[in-house]
Amino acid sequence: MIYLDYAADTPVDAQVLDLFCRISQDAFGNANGAHLLGKNGKQLIEKATINIKNQLNCLNMEIIYTSGATEANNLAIKGVARNYRENGRHLISTCLEHASVSGCLKQLQSIGYEIDLVAIKKDGTVDLDHLKELIRVDTILVSINYVDSELGGCQPIESISAIVAAYPNCFFHVDATQAVGKIPVHLDQIDLVTFSPHKFFGLNGMGVLLKSDSLILEPQIHGGTSTSYYRSGTPFTAGAGATALALELCMAELEERLAQVALKSAWLKKQLSAYPLVSFNSTEHSIPHILNLSVKGVKAQAFQAALSDQEVCVSTKSACSTDNTPSRSVLAVTGSRDLARTSWRISLCHLTTDSELQEFMEIFDFCYKSLTKK
Ligand code: PLP
């Protein structure tokens, strides 16, 4: 098997899994308990929390642990919308967002909130002039991803936050799920940041919401307070510890891994460029981990299935949008329905080997020839 779908999920690092097992067995008591194991668990969570904040250089933010970036996005967006509805009911986002963001916005729209989407330029970045036109005194949230999951496009986060900062009633949420652990991230000036460790060799079923201290959210899950007022349930001590370690391991090698992936990605792009029907939907702003391409005339699902028959794993759109509709992101960036229908994603990481990529190219060649012959 050749796995080229690391933007969807990554294997858990052995050290992370080992720590997870150790905490689960040795420090299993409810971290809210007043007894020895409880206090021990609480300390472990506090240690993990400080470690995560240090790694991401955001000591002034509060951490809320969730079941994934999906839940973290729901809490961030609905939590702001419901708590600050007296300030306004206008939210701004993009068509490049993950389903867990666009789904929240759709739900809010159905109950009377007004949603505007900022235009995307041909280079995959948001049109800042359009954002300036859209934002107004009753805008309560701008939600834009750091890196989008389909094209891997990196957004000008600092320029966006400067625009949002001029509106005191407006908060800035960044879904950083495809950025954290892969590229350097700058989170100051952002009010809400979401991500999940299963994208960087941590656990599935775990997510993080970073929230600036001054911001108040309406909780989405009610019950007893856990590690945070905003998220009920027994604290996930081993999950917090495992997340902190996964992040620490990635951050320690961030630059080296990024350089390795960039080399592999450039090699792959060069090989694929030799095929006349191949075009790339990722842009110069895309992170090297994600390469989105189209093979003219061949539906994305057909190419993916042909590769899958040869035990190659790639994906069409993001794994969370499994319907067969054309990609909204590719349509927005390229303006072409044909490209949107034929686009699929290869995603790499530092574990991807040169021989895997060479073998992938042989399989790609076989699929290309069989699917494009008249
Ligand atoms: N946001 C982005 C940009 C993603 O790529 C994903 C997962 O693919 C999510 C959110 C959802 O993450 P989770 O699976 O942790 O809920």
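What follows draws every value from the coordinates through simple rules; no lab data is involved. Everything quoted here is computed from the prediction, not taken from an experiment. Reconstructed Cβ throughout: ideal geometry from the backbone, glycine too, with neighbour counts over all protein chains shown.
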Under a cut-off of 19 Å between alpha-carbon atoms, report the aspartates and glutamates in cross-link reach of Lys373, not counting same-chain residues fewer than 8 places apart. Asp309, Asp338, Glu362, Asp365
If one takes the longest principal axis of the Cα atoms in the chain, at what angle in degrees, from 0 to 90 and to the nearest 10, does the Cα axis of helix 36-56 lie? 50 degrees
Pull up the DSSP beta bridges for the chain and report the antiparallel fraction as a percent, rounded to 5. 60 percent
Roughly how many nanometres apart are two label points built 7 Å out from the Cα toward the Cβ at Gln107 and Asn87? 2.1 nm
Pop a pseudo-label 7 angstrom from the Cα along the beta-carbon direction at both Thr234 and Ala14 and give the gap in nm to one decimal. 3.0 nm
Site Asn54, offset 7 angstrom along Cα→Cβ, radius 13 Å on amide nitrogen, limited to the stretch 243-284, gives 244-245, 248-249, 252
Long-range amide H partners of Ser286, meaning residues 5 or more apart or on another chain whose placed amide H is closer than 5 Å, are Cys154
Could you name the lysines whose alpha carbon sits less than 21 Å from that of Lys122, not counting residues in the same chain fewer than 8 places away? Lys132, Lys269, Lys296, Lys317
Under 5 Å between amide hydrogens, which residues at least 5 positions from Asn281 or on another chain qualify, with H placed 1.01 Å from N in the peptide plane? Asn292, Leu293, Ser294
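Can you give the longest stretch of the chain with no exposed loop site, where a site means GluC sites (Glu not before Pro) in a DSSP loop (not H, G, I, E or B) with at most 14 other C-beta atoms within 10 Å?
Details: sites that count: Glu86, Glu253, Glu284, Glu311.
Of all site-free stretches, the longest is 87-252.
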Most exposed first, judged by fewest Cβ atoms within 10 angstrom, Arg82, Arg231 run Arg82, Arg231
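When the dipole is taken about the Cα centre of the chain, and only Lys, Arg (+1) and Asp, Glu (-1) are charged at their Cβ, what size is it in debye, to the nearest 20? Don't skip to the end; give the middle numbers.
Working: 32 positive and 39 negative charges, 144 e Å.
Charge dipole of the chain: 700 debye, to the nearest 20.
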Cα axis of helix 300-309 to longest principal axis of the chain: angle in degrees, 0 to 90, nearest 10? 90 degrees
Please enumerate, by chain and number, the lysines with C-alpha under 16 Å from the C-alpha of Lys182, excluding those fewer than 8 residues away in the same chain. Lys199, Lys264
Order of Cys367, Cys58 from fewest to most other C-beta atoms within 10 Å? Cys58, Cys367
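What is the calculated FRET efficiency for Ile221 to Ser355, with r their C-beta to C-beta distance and R₀ = 41 Å, to the nearest 0.05? Present the calculation step by step, with values, prior to reporting the outcome.
Details: r = 46 Å, r/R0 = 1.12.
It comes out at approximately 0.35.
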Tell me which residues come under 5 Å, amide H to amide H, from Ala7 once H is placed; ignore anything under 5 positions away on its chain. Ser347
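Please order Ser273, Ser294, Ser214 by the number of other Cβ within 10 Å, starting at the fewest. Write out the running numbers ahead of the final one.
Values: Ser273 12, Ser294 25, Ser214 8.
Lowest count first: Ser214, Ser273, Ser294.
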How much mean residue ellipticity at 222 nm does the chain get from its helices, if each DSSP H run of length 4 or more adds -39500 (n - 2.57) and you divide by all residues, to the nearest 500 deg cm²/dmol? -13000 deg cm²/dmol
